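Below is one structure, written out as C-alpha cells; the observations come after it.
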Amino acid sequence: MSTLNLSGRLPARDELPTLAAGMARTLIVPLMGLLVFLFAWHIAARNIDTSLGQFPGPVQVYEQSVNLIAEHNRERTKEVAFIERQEKRNAEKLAKDPSAEVRIRDYTGKPTFFDQIGTSLVTVMSGFVLASLLAIPIGILIGLNSTLYAALNPLVQLFKPVSPLAWLPLVTMVVSAVYVSDDPLFAKSFLTSLFTVTLCCLWPTLINTAVGVSGISQDLKNVSKVLRLPFLTHVVKIAIPASLPAMFTGLRLSLGIAWMVLIAAEMLAQNPGLGKFVWDEFQNGSSDSLGRIMVAVLVIGLIGFLLDRAMLALQKAISWDKNAVLR
Amino acid sequence: MASYSFSELVKGATLNGVRFIVCGHLQNNRMHPQTSTSPKEQVMTHLELTGVSIDFPTPKGAFRALDNVNLKIAKGEFISLIGHSGCGKSTVLNIVAGLYQATTGGVVLDGKEVREPGPERAVVFQNHSLLPWLSAYENVELAVRQVFRRTKSKAEMRDWIEHNLALVHMDHAMHKRPDEISGGMKQRVGIARALAMEPKVLLMDEPFGALDALTRAHLQDSLMEIQTTLNNTVIMITHDVDEAVLLSDRIVMMTNGPAASVGEILDIELERPRDRIALADDTRYNHYRHEVLSFLYEKQRHPATDEAAGPVKKPEVAQDLQDRNTAKAESKAAEAA
C-alpha cells in the first residue's frame with residue numbers, strides 16, 4: 001500500500017512520481033478529510049448555544065485537553081508530596097518511639113482523567129477476557145455438536161440483543177448480595193462493570209466461533225474420522241485452526257461491544273472510569289464541561305480504534321494463513 | 001452423514017457380526033452380469049463387499065444410489081473403479097472407508113465387519129484434504145502419531161514420516177505448507193499421509209483427477225513404483241481409461257445410477273513393471289482399453305446421451321425404485337410387528 005521508502009536509500013528519479021502518488025493517498029487525502037471535518041465542526045459549534053454556553057469547537061477541546069493533562073500532572077505532584085510527608089512523619093514517629101504503630105495511607109485525591117482511562121481499560125480487558133474464556137469453548141462445543149447447538153441457540157438468540165442497561169441493576173444487586181467480604185480483593189463497582197461487559201460481549205465471539213467450527217469442510221472432517229482422532233486432538237488440530245478467522249471476527253466485534261457497553265455501564269452505575277468522568281462533568285455543569293466531555297468522546301473513540309488495531313495485530317501474529325488480507 | 005440413520009437397519013440384518021445376511025426383499029433383484037473369476041481371488045479374500053446397497057433420504061423418499069454391489073478383493077490387488085459421473089463410485093469407496101454406512105449388505109475386511117472409519121483403510125482424497133495450517137511433514141505426522149503412538153518411539157516416528165515423504169519424492173519440500181506447493185505435490189503428500197498409516201487397504205478417490213496430464217503421468221509412475229515395493233491392496237476410483245488399464249490388476253466397471261451396481265469386471269493380465277510408452281503399442285493393452293471404452297460408451301451410455309438417442313428406460317427404473325421402496329416399507333412394517 002504505502003510506498004514510503006523505508007530502506008533509507010534515496011528514491012531514484014523515476015520512482016518519484018509513484019512516491020508522490022503514494023504519499024498523496026496515505027497522508028494527504030486523509031489529512032484533507034480531517035481538515036474539512038475540523039472546519040465543519042468549528043462552524044457548527046459556533047452556531048449551537050446551550051445552557052452551558054457555546055458548544056465546544058476544536059479550539060476549546062484542545063484547550064481542555066491541555067487542562068486535563070495539567071490537572072493530571074498537578075494531582076501526581078500532590079500525590080508525591082503526600083507520600084513524602086507521610087514517610088517523613090512516620091520516620092519521625094519511629095525515631096521517637098520504635099514500637100509506635102505506623103499507618104500508611106493511600107493518597108485519596110480525586111482520580112484524574114487519565115486515572116479514569118486506566119480504570120476503564122483494566123475493566124474492559126478483564127470483562128473481555130472473561131467473556132472470551134467462556135465464549136470460545138462454548139462456541140467450539142456447539143459448533144461441533146448440532147444437538148448442543150439446537151439446545152443453546154434459542155438462549156443465545158434471546159440474550160444477544162439485551163442492552164447492558166437492562167442487565168446492570170440485576171448484576172449490581174447480585175454482586176452486592178453474593179460478593180460479601182471484609183477485605184475485598186476487587187471493588188464491587190469493578191465487578192459490576194466487569195460482569196455487565198462480559199454478559200454483553202459474549203455473543204459475537206460465541207456465535208462466530210460456532211459458525212467457524214461448524215463450517216469446517218467435510219474433507220477435513222473425513223480426515224479426522226479416518227485417523228480416528230480423539231476429541232481433544234480434533235479440537236486442537238482441526239477445529240480451532242479452521243475457525244480461527246471467524247473466531248477473530250467475533251473477538252473483534254466483542255471487544256468493540258465491550259468498550260461501548262463499559263462506558264454506558266460506568267455512566268449509569270457511577271462505577272469509576274471514563275463513563276463516570278463524562279457523567280461527573282455533565283453534572284458539574286461548568287462552562288468547561290462540554291469541552292471536557294468532548295475530549296472524553298474523542299479519547300473513547302481513539303481507544304476503541306486502538307483496541308481493534310491491537311486485536312488485528314494479534315490475529316496477524318496468530319493466523320496461519322499469512323496470505324489472507326486482514327483489515 | 002444422513003446414512004447413519006440406516007445403521008440400525010444394517011444391524012438388524014447382522015446375525016453374528018461377521019457376515020451379513022442380505023435382507024429378504026433384496027434377493028429378488030435382477031441378476032447383474034458379473035465376470036468376477038479372478039484366480040487370485042479364489043486364493044484368499046482379503047476384502048469383501050456383499051450385497052452392498054445404500055439409500056439416501058431425499059424429500060421425495062429414499063434414493064437408492066447403489067444396489068447389490070458384490071466384490072471380492074485379494075491381498076495386494078490393485079482395483080480400479082470406473083464409471084460415469086454420479087454412478088456411485090465414490091459412494092462405494094466411502095462405504096469401504098466406513099464414512100457411509102450401507103443400508104443393506106456390508107463390507108468385511110480380514111474377517112472383520114467395517115462399521116466406522118479407521119486408519120487401516122486409509123483414504124487419499126480427490127482434493128488432497130491436507131490441513132492447510134500444517135506443513136507437509138506435520139500433516140503426515142498427525143497420521144503417524146495417531147497410528148503408531150504406542151508402537152514407535154519419537155525418533156522412529158520421525159524416520160517413518162521422512163521415509164514416507166521420500167517415497168513420494170517430497171523430502172525436499174517437507175517443511176512447506178500446502179499453499180506453498182503445487183497441486184501435484186499436495187497430492188503426493190496426501191498419498192504419503194495415507195501410506196504412512198500402513199493401511200491394509202489404500203482407498204484412492206480420483207487421486208489424480210484434478211491434475212494436469214503430465215503431473216498425472218508422473219504420479220502414476222510414482223504410484224506404480226511404490227506399489228512394486230509395498231504391494232498394497234488398493235481401490236482407486238478413476239475417470240481415466242488409460243490410468244485404469246495402466247495401474248490395475250482388475251478394472252471394476254460400474255453401471256449408471258440410480259441403483260448402480262457392478263457391471264463388468266475386467267482382468268488386466270499385463271506383466272509388471274509396466275511401461276506406459278511400450279504399452280502404447282501393445283495389442284493387449286489396446287484391447288483392454290477397447291473393452292473399457294465399449295463398456296462406458298456403448299453398453300453404459302451416459303443418461304444424457306441416452307435421452308438424446310431415443311428410447312428411454314427411465315420410467316421403468318423409476319417404477320422399479322418405487323416397487324422396491326414399497327417392498328422396503330412393507331418389510332419394515334413386518335419387522336416392527
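Summary of computed values
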{"item": "Residue in region A:175-222 that is modelled with the lowest pLDDT, counting only those that are over 30 Å from residue B:178 (Cα atoms), among the β-branched types (Val, Ile, Thr) and surrounded by fewer than 23 Cβ atoms within 10 Å (Cβ to Cβ)", "result": "A:180"}
{"item": "Criterion violated by residue A:312 - all others in (1) open to solvent by 50 Å² or more (accessible area, probe 1.4 Å); (2) more than 30 Å from residue A:56 (Cα to Cα); (3) in contact (Cβ under 8 Å) with a residue 40 or more places away in the chain satisfied", "result": "(1)"}
{"item": "Pair list, Cβ under 9 Å, 6 or more apart: region A:173-188 residue hydroxyl-bearing (Ser, Thr, Tyr), other residue outside any loop (DSSP other than H, G, I, E, B)", "result": "A:176/A:188; A:176/A:192; A:179/A:188; A:179/A:191"}
{"item": "Restricting region B:170-181 to residues that are within 14 Å of another protein chain (Cβ to nearest Cβ) and out of contact with any helix residue (DSSP H, G or I) (no Cβ under 7 Å at 6 or more places or on another chain), the residue that is surrounded by the most Cβ atoms within 10 Å (Cβ to Cβ)", "result": "B:177"}
{"item": "Of all residues making up region B:254-293, the number that are outside any loop (DSSP other than H, G, I, E, B), farther than 18 Å from residue B:92 by Cβ and of a type outside the set (Val, Ile, Thr)", "result": "13"}
{"item": "Residue match in region A:70-80 (condition: farther than 30 Å from residue A:200 by Cβ, among the acidic types (Asp, Glu) and open to solvent by 70 Å² or more (accessible area, probe 1.4 Å))", "result": "no"}
{"item": "Failed item, numbered, when residue A:98 is tested on (1) exposed (fewer than 14 other Cβ atoms within 10 Å of the Cβ); (2) part of a helix (DSSP H, G or I); (3) out of contact with any helix residue (DSSP H, G or I) (no Cβ under 9 Å at 6 or more places or on another chain)", "result": "(2)"}
{"item": "Candidate set: region B:182-194, residues that are closer than 23 Å to residue A:322 by Cα and within 14 Å of another protein chain (Cβ to nearest Cβ); chosen: the one surrounded by the fewest Cβ atoms within 10 Å (Cβ to Cβ)", "result": "B:186"}
{"item": "Residue within region A:196-209 that is within 14 Å of chain B (Cβ to nearest Cβ), among the hydroxyl-bearing types (Ser, Thr, Tyr) and in contact with a helix residue (DSSP H, G or I) (Cβ under 8 Å, 6 or more places away or on another chain) present", "result": "no"}
{"item": "Residue count for region A:234-272, restricted to those that are open to solvent by less than 40 Å² (accessible area, probe 1.4 Å) and assigned to a helix (DSSP H, G or I)", "result": "25"}
{"item": "Close pairs from region B:86-115: first within 14 Å of chain A (Cβ to nearest Cβ) and over 16 Å from residue B:262 (Cβ atoms), partner of a type in the set (A, V, I, L, M) and assigned to a loop (DSSP other than H, G, I, E, B), Cβ under 6 Å, at least 6 apart", "result": "B:98/B:114"}
{"item": "Filter result for the condition that a residue is within 14 Å of chain B (Cβ to nearest Cβ) and either modelled with pLDDT of 95 or more or farther than 30 Å from residue A:52 by Cβ (or both), over A:310, A:242", "result": "A:242"}
{"item": "Complete set of residues in region B:206-248 that are under 21 Å from residue B:293 (Cα atoms), crowded, with 20+ Cβ neighbours inside 10 Å and within 15 Å of the chain's Cα centre (by Cα)", "result": "B:206, B:207, B:208, B:235, B:236, B:237, B:238, B:243, B:244, B:247, B:248"}
{"item": "Those residues of region B:67-90 which are open to solvent by 20 Å² or more (accessible area, probe 1.4 Å) and on the phi < 0 side of the Ramachandran plot, in sequence order", "result": "B:70, B:72, B:75, B:84, B:85, B:90"}
{"item": "Residue within region A:153-173 that is crowded, with 18+ Cβ neighbours inside 10 Å and either of a type in the set (Gly, Ala, Ser) or within 14 Å of chain B (Cβ to nearest Cβ) (or both) present", "result": "no"}
{"item": "Criterion violated by residue A:234 - all others in (1) more than 14 Å from chain B (Cβ to nearest Cβ); (2) at pLDDT 90 or above satisfied", "result": "(1)"}
{"item": "Region B:132-169 - residue that is among the polar types (S, T, N, Q) and open to solvent by 20 Å² or more (accessible area, probe 1.4 Å) and, of those, nearest to the other protein chains (Cβ to nearest Cβ)", "result": "B:146"}
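The values are calculated or read from the model by the stated rules, or taken from the named source; none is laboratory data. Small disclaimer: the values here were computed from a predicted structure and weren't measured. Every residue, glycine among them, receives a Cβ derived from its backbone with ideal geometry; neighbour counts consider all protein chains shown. The area values use the complete protein model at the heavy-atom level, side chains included, leaving out ligands, DNA and RNA. Shrake-Rupley method; radii C 1.70, N 1.55, O 1.52, S 1.80 Å.
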